[in-house]
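Asker: Got a structure here, written out as structure tokens. Questions coming.
A short reminder: the numbers here are calculations on the coordinates, not readings from a lab. Every value quoted in this text rests on a predicted model; they were computed, and no experiment measured them. Backbone-built Cβ (ideal geometry, glycine too); neighbour counts: all protein chains shown.
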Amino acid sequence: MKGYFGQFGGQFVPELLIPPLTELEEAMGRFLGQAEFEVELDELLRDFAGRVTPVTFCPKLSAELGLSLWLKREDLLHTGAHKVNNTLGQALLARKMGKTRLIAETGAGQHGVATAAAAARLGLRAKIFMGAVDVIRQSANVDRMRLLGAEVVPVADGTQTLKDAINETLRYWISHQGDTLYCFGTAAGPHPFPSLVAHFQSVISREARAQMLEKTGRLPDCVAACVGGGSNAIGMFRNFINDREVEIVGVEAAGTGQPGCYNSAPLNLGRPGVLHGQLSMLLQDRAGQVLPSHSISAGLDYPGVGPEHAHLQAIGRVRYELANDAETLAACRRLSRAEGIIPALESSHALAWVLRSAEALSGRTVLVCLSGRGDKDLDIIKDALAKQGEEL
Amino acid sequence: MSDSFLTTIIKDNQAQGRLTKVPFIPAAFPTAADFWAHLLELADNGADIIEIGVPFSDPVADGPVVAGASQKALEQGGGLDFILAGLTRHRARLRCGLVLMGYVNPFIQYAWEAAAAETAGAAAQATMARSLELLAGQLAEAGVHGLIAPDLPLEENAPWLKALGGQGLALIPLVGPNTSLEKMRTYAQSGAKGYVYVVSVMGTTGVRAGLPPEVSDTLKRARQAFDLPLALGFGLSSPAQLEAISPADRPEAAVFGSALIRHLEAGGSARDFMAPWNA
């Protein structure tokens, strides 16, 4: 079926959104892979965003854990995370399509900042929808977006967080589809967004696979990434999927880890459902109402997940594990001290799983996607440590 | 194929030169206690078909008024359980057509557990298809005639048409200003029944001062593509708005949601609301 990854995906949107989605799909067919487009995108990724990002060996942690730990350094990218891989691609595509404005949802603000930066660079207007609660929680990113020339629209509906921001962006797109492209932030949503975002993010594993072969002479034994909506993870997994000998692990946010707590782990704790245009795994109550999600990392705080992950789980190609808030915080601190790298709390979920699984991973080469840098999380880290009676 | 009861209602009105009036009200709105009284009052005061809203946490096609009312309805417990239990009690007193309007997820989840138990180990889509069949059986038993899902386009509606059709229920399509004639024809051929919900504006639900000029073109295309009556919705608050449309293009039915919700929220009665539509 069109727009499906196995059983998951689809286009569960109002009929009024089908024409702009079809227009986007046609533009993908026309421009992606076309020489001129690829040259321009490569240049943007290299000279503006700072690609190629390195893979970094972690000597101290590797010795402590008895394995070989490598990081793919998306934290070194402009705007501080992998998000810009996608926003530059979509902004360039928007310009080729003759659109003059990007709209986007943002939760923690990372995708909003990356969209605002890409829009500024490519001469597009940007309008960013953000839950009213998130606007307060992430005020520094709101300021960054505004400094970059974007308009930030607080969304006061529902839980006033990421999922409500997506609803409002979709509503806005219905009435402004003529001149506007929705720059979707993660590899989720209605077809063709999951494919489009995965396409732009797969640069992560295209580079990382070659880099690991070059540096270690072989493929890693295990590849791990955190999963919220799942864009850094799908980017990290795509080029390893056909390497059957590589174990692939996605790590979801378990929240506090208490039984019945709010979490962001639909693959482990949800069941199939439809939200934001896709049939995928979803956190919901018995009646199909979407449940509020929680994670210490705002970027994973989402009740749904991209359909390709649901598919990879269903066919058993990728294993999805959990990491809770406390072990994530500990992992963040441990990497900072051992290796001099402050990871985003999102990426720290993947690290937390590696730390917990060190025994099982003993002697193996493990490649983790360090999707973003942790500077943005300092207040959250300090608050969380203070609650445990600890300091930085 | 015989007409849906919904089509018959509209055609009978049309034969008598009457517009078919279709109010929309979310289940358990404004309160669980008052909802059924309002519904019965609407039916007693000229509502030919009533669209009962099934509230959802993430109403992406709705403007602030309907979205806010849905939120209240959810807090009042206005889900499918509430609707089906209430219809069992009140259906005998309702002569109007009954349609449920809601988003995909609550509909597919209603019988998910039962479907999953029957289809153990089956893939998500098989479970969804079975769940829809179980739901359709319950809806038919409760006297519901049709269903509208604003986030269910043609691309995804095949299992719904099958499940609902099996129980004689209509799946009512929504088309709008940017729906091509070709796409409308595909909806028509796919097995649309009841009536066609013509969305007047490129936007979400909610009252607008006037109808956009392109509404006549949308109605013309829908007339050409479908052999079903047309109901115009999104943005309607008074019968006078329809007079701006040339008589040849005017729809057979009018849907009004946000205006009714605001009227009830302000303490008005269903009967007073219906009065100008019955004039």
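Asker: For chain B, which DSSP H helices look membrane-span-like by this rule: Cα extent along the axis of 20 Å or more and mean Kyte-Doolittle of at least 0.0?
Answerer: B:124-141
Asker: Considering the options B:Val66, B:Gln16, B:Ala270, tell which one lies farthest towards the positive end of the dipole of chain B, charges being +1 on Lys and Arg and -1 on Asp and Glu at the Cβ, about the Cα centre.
Answerer: Farthest towards the positive pole: B:Gln16.
Asker: Rounded, prolate or oblate, given the Cα gyration tensor of chain B, with a/c below 1.5 counting as rounded?
Answerer: oblate
Asker: How far is it, in nm, from the label point at B:Arg95 to the one at B:Thr186 when both lie 7 Å from their Cα along the line to the Cβ?
Answerer: Going from the B:Arg95 label point to the B:Thr186 one covers 4.2 nm.
Asker: Looking only at B:Ala158, B:Ala43, B:Ala188, which one moves most when chain B is put into a Gaussian network model with springs between Cα atoms under 10 Å?
Answerer: Ranking B:Ala158, B:Ala43, B:Ala188 by mean-square fluctuation puts B:Ala158 first.
Asker: Tell me the label-point distance for the pair A:Arg146, B:Asp227, using the 7 Å Cα-to-Cβ offset, in nm and rounded to one decimal.
Answerer: Each label point lies 7 Å from its Cα, and together they span 6.0 nm.
Asker: Just from its helices, what would the mean residue ellipticity at 222 nm be for chain B, if runs of 4 or more DSSP H residues each count -39500 (n - 2.57) and the sum is divided by every residue, rounded to the nearest 500 deg cm²/dmol?
Answerer: Mean residue ellipticity at 222 nm (helix-derived): -13000 deg cm²/dmol.
Asker: Continuing with this model, one more query. List the longest stretch of chain B that has no exposed loop site; here a site is one of the trypsin sites (Lys or Arg not before Pro) assigned by DSSP to anything other than H, G, I, E or B, with at most 15 other Cβ within 10 Å.
Answerer: Working: sites that count: B:Arg18, B:Arg95.
Between the exposed loop sites, the longest stretch runs B:96-279.
Asker: Only residues of region B:236-261 count here: report those whose backbone N is under 20 Å from the spot 7 Å along Cα→Cβ of B:Ala279, or say none.
Answerer: B:236-247, B:251, B:253-261
Asker: Separation between the B:Gln16 and B:Arg250 pseudo-spin-labels, each 7 Å from Cα along Cα→Cβ, expressed in nm?
Answerer: A separation of 1.7 nm, rounded to one decimal place.
Asker: Next up: Pull out the extension gain between A:Glu390 and A:Arg125, defined as 0.36 nm times the separation in residues minus the alpha carbon to alpha carbon distance; nm, one decimal.
Answerer: Contour length minus the Cα-Cα distance gives 91.0 nm.
Asker: Which residue fluctuates most in the GNM of chain A (Cα springs below 10 Å): A:Ala63, A:Ala323, A:Ala254?
Answerer: Result for chain A, Cα springs under 10 Å: A:Ala63 fluctuates most.
Asker: For the pairs A:Lys96/A:Lys376; A:Lys83/A:Lys382; A:Lys96/B:Lys220; A:Lys2/A:Lys72; A:Lys2/A:Lys376, note any where the Cα-Cα span goes beyond 30 Å.
Answerer: Details: A:Lys96/A:Lys376 33 Å; A:Lys83/A:Lys382 25 Å; A:Lys96/B:Lys220 34 Å; A:Lys2/A:Lys72 33 Å; A:Lys2/A:Lys376 38 Å.
Exceeds cut-off: A:Lys96/A:Lys376; A:Lys96/B:Lys220; A:Lys2/A:Lys72; A:Lys2/A:Lys376.
Asker: Here's another thing I want to ask about it. Among A:Leu367, B:Ile25, A:Leu300, flag the residue with its Cα farthest along the positive direction of the charge dipole of the protein assembly as shown, charges on Cβ as +1 for Lys/Arg and -1 for Asp/Glu.
Answerer: Of the listed residues, the answer is A:Leu367.
Asker: Ignore the peptide's own chain and count Cβ atoms of other chains within 10 Å of each Cβ in A:269-282; give me the average, rounded.
Answerer: Taking all residues of A:269-282 together, the mean is 5.
Asker: So, with +1 on the Cβ of K and R and -1 on the Cβ of D and E, and no other charges, what is the size of the charge dipole of region B:5-265 about its Cα centre, to the nearest 20 debye?
Answerer: It works out to roughly 560 debye.
Asker: Among all stretches of chain A without exposed GluC sites (Glu not before Pro) (DSSP loop, at most 15 other Cβ atoms within 10 Å), which one is longest?
Answerer: A:1-244
Asker: Another question, then. In degrees from 0 to 90, rounded to the nearest 10, what is the angle of the helix A:83-96 Cα long axis to the longest principal axis of chain A?
Answerer: 20 degrees
Asker: Here's a follow-up. Which FRET efficiency value, to the nearest 0.05, is calculated for B:Gln167 and A:Asp285 with the Förster distance at 25 angstrom and r the Cβ-Cβ distance? Display every interim value, and only then the final one.
Answerer: On the way: r = 26 Å, r/R0 = 1.04.
Computed FRET efficiency for B:Gln167 and A:Asp285 comes out at 0.45.
Asker: Another one. Enter the Cα centre distance for the pair region A:188-248 and region A:261-336, rounded to the nearest angstrom.
Answerer: That distance is 18 Å.
Asker: PRE reach from A:Tyr262 (point 7 Å along Cα→Cβ): which of region B:43-70 fall under 17 Å by backbone N?
Answerer: B:57-58
Asker: Compare the Cα positions of B:Pro55, B:Ile245, B:Thr186 along the charge dipole of region B:5-265 (+1 at Cβ of Lys, Arg; -1 at Cβ of Asp, Glu; about the Cα centre) and return the one farthest towards the positive end.
Answerer: So the residue furthest toward the plus end is B:Ile245.
Asker: For chain A, give me the percentage of DSSP beta bridges that are antiparallel, rounded to the nearest 5 percent. Each step should come with its number before you reach the end.
Answerer: On the way: 17 of 51 bridges.
Approximately 35 percent, going by the DSSP bridge assignments.
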